[in-house]
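Scroll down for the structure; my scribbles are underneath it.
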Amino acid sequence: MTRTTPGMLRRLLAVPAALLVTVPVAPGGALAQPASPTVTWAVQPADENGPDGRRWVEVTLDPGQVVTEHLAVRNFSDAPVVFALKAADGYLTDKGRFNMLPSGQESVDGGTWIEVRKTVTVGPKQTTVVPFTITVPRDATPGDHPAGIAATVTSGGGTVAVESRVGFRVMMRATGTVAAALAISDLTARYERSWNPFSAGTVHVRYTATNEGNVAVTGGGRVTAAELFGLAEPGARAEVAELLPGGTRRAEARVAGVWGLGPVRTTVEVIPSVLAGDATGAEVRRGSSTVTLWVLPWPQLAVALFLVALVLAYRTIARRRRRRLARLLAQARDEGRAEARGSVLTGGS
């Protein structure tokens, strides 16, 4: 039995529903005009009667289960168009947009679970509903198996062909234990000092987050920069955008209020959150990493050296004054004794 979860549609991140265009990329739900302004279309999830309002298809299925879904191809052009229908493995681009493998690259996961007719002809200003079948392999591993399905038009002149496609994601989850796990690696920290000795600096942190679980997740946690042997520990929010299973993403964070008075122990810790479906009983494994950054507090050292120089100068001046005063006192005593002896001699004559 198909278990479609309405809660799946409420994602933590609003990812465009539609995919994908090889050249150019078309936004989800938008109209595509790949080769000519007279060819414009859209593709949406549907039921037997037409578009059903979903942005993408999300289903939870048992291994070996077969289910039929539908898509609607809407032709806004003034002439009939023959569209090629294709399904392929899904992935996230470096910018976090959902896409599917190009036609020249073979699918090995969720894209192989989908069967759809090769072409569909849609009349001008018309919408055609096409069924497609999802068959879960009996040995499917638990977790998410993302794919995309699209309607494609190929155009071009000479030896160059341009394939343009519009479609949506198909998120298929095989039942079993849900594992949400994030790993943190390649952690680097850079200290940006303030040359004002009475103002703290900032630690810039970069790290790689890897989804080592079997479902799509986001991550949230803390970045801390401990100094003075833990007496001061300013922090900032650490966030990881959506990651599909096996996906990686570089992330950054800034921790303000760090004085940089020697070693700064920087730690990143993130906790994964399952994006969709029932996460009850999920295995959650947080990711963390630590790096120690050594910082010389040059502005504060300059102030300290200046103060030391002032103290030394004051002590030198004070010492010289005391010596001069001692010489003057000794001279005065000597003069006084000389006068006294002179007076004695004068009086005795």
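The values are calculated or read from the model by the stated rules, or taken from the named source; none is laboratory data. Here the structure is a predicted model, which means the values were calculated and not measured. So basically every Cβ, Gly included, is an ideal-geometry build from the backbone, and we count neighbours across all protein chains shown.
Condition (residue is in contact with a Leu (Cβ under 9 Å, 6 or more places away or on another chain) and under 30 Å from Pro51 (Cβ atoms)) applied to segment 195-215: is it met by at least one residue?
yes
Only one of Ala313, Ala276, Ala340, Ala332 is modelled with pLDDT under 85 and in contact with a helix residue (DSSP H, G or I) (Cβ under 7 Å, 6 or more places away or on another chain). Can you tell me which?
Numbers: Ala313 fails: in contact with a helix residue (DSSP H, G or I) (Cβ under 7 Å, 6 or more places away or on another chain); Ala340 fails: in contact with a helix residue (DSSP H, G or I) (Cβ under 7 Å, 6 or more places away or on another chain); Ala332 fails: in contact with a helix residue (DSSP H, G or I) (Cβ under 7 Å, 6 or more places away or on another chain).
That would be Ala276, the only listed residue that is modelled with pLDDT under 85 and in contact with a helix residue (DSSP H, G or I) (Cβ under 7 Å, 6 or more places away or on another chain).
Looking only at segment 43-99, which residues are under 16 Å from Thr128 (Cα atoms) and among the charged types (D, E, K, R)?
Asp47, Glu48, Asp52, Glu69, Arg74, Asp78, Lys86
Got a number for residues in segment 200-238 being closer than 30 Å to Leu61 by Cα and either aliphatic (A, V, I, L, M) or part of a strand (DSSP E or B) (or both)?
The qualifying residues number 9.
How many residues are modelled with pLDDT of 95 or more and among the small types (Gly, Ala, Ser) when one looks only at segment 71-112?
8
Check whether at least one residue in segment 169-190 is without any contact (Cβ under 8 Å) to a residue 60 or more places away in the chain, within 31 Å of the chain's Cα centre (by Cα) and surrounded by 14 or more Cβ atoms within 10 Å (Cβ to Cβ), and report yes or no.
No, segment 169-190 contains no residue that is without any contact (Cβ under 8 Å) to a residue 60 or more places away in the chain, within 31 Å of the chain's Cα centre (by Cα) and surrounded by 14 or more Cβ atoms within 10 Å (Cβ to Cβ).
How about segment 210-256: which of its residues are over 18 Å from Ser289 (Cβ atoms), surrounded by 19 or more Cβ atoms within 10 Å (Cβ to Cβ) and of a type in the set (Gly, Ala, Ser)?
Listed by number, the list holds a single entry, Ala216.
Given Ala140, Ala147, which one is assigned to a loop (DSSP other than H, G, I, E, B), surrounded by 15 or more Cβ atoms within 10 Å (Cβ to Cβ) and on the phi < 0 side of the Ramachandran plot?
The match here is Ala140.
So, of the residues in segment 150-161 that are polar (S, T, N, Q) and either in a strand (DSSP E or B) or buried (at least 21 other Cβ atoms within 10 Å of the Cβ) (or both), which turns out to be modelled with the lowest pLDDT?
Ser155
For Arg193, indicate whether it is surrounded by fewer than 20 Cβ atoms within 10 Å (Cβ to Cβ), at pLDDT 95 or above and within 30 Å of Arg254 (Cα to Cα).
Answer is no for this residue.
Give the residues of segment 267-292 that are under 16 Å from the mean Cα position of the chain (by Cα) and either without any contact (Cβ under 8 Å) to a residue 40 or more places away in the chain or assigned to a loop (DSSP other than H, G, I, E, B) (or both), sorted by residue number.
Passing the criteria: Leu275, Arg286.
Would you mention how many residues in segment 130-168 are in contact with a strand residue (DSSP E or B) (Cβ under 8 Å, 6 or more places away or on another chain) and without any contact (Cβ under 8 Å) to a residue 40 or more places away in the chain? Quick ask: steps written out before the conclusion?
Initial filter on segment 130-168 (in contact with a strand residue (DSSP E or B) (Cβ under 8 Å, 6 or more places away or on another chain)): 130-136, 140-156, 161-168.
Imposing the further condition that a residue be without any contact (Cβ under 8 Å) to a residue 40 or more places away in the chain reduces the set to 145, 161.
So the count comes out to 2.
Going through Gly96, Gly104, Gly50 one at a time, which residue ends up being out of contact with any strand residue (DSSP E or B) (no Cβ under 8 Å at 6 or more places or on another chain), small (Gly, Ala, Ser) and either more than 30 Å from Gly277 (Cα to Cα) or surrounded by fewer than 20 Cβ atoms within 10 Å (Cβ to Cβ) (or both)?
Gly104 is the lone residue from the list that is out of contact with any strand residue (DSSP E or B) (no Cβ under 8 Å at 6 or more places or on another chain), small (Gly, Ala, Ser) and either more than 30 Å from Gly277 (Cα to Cα) or surrounded by fewer than 20 Cβ atoms within 10 Å (Cβ to Cβ) (or both).
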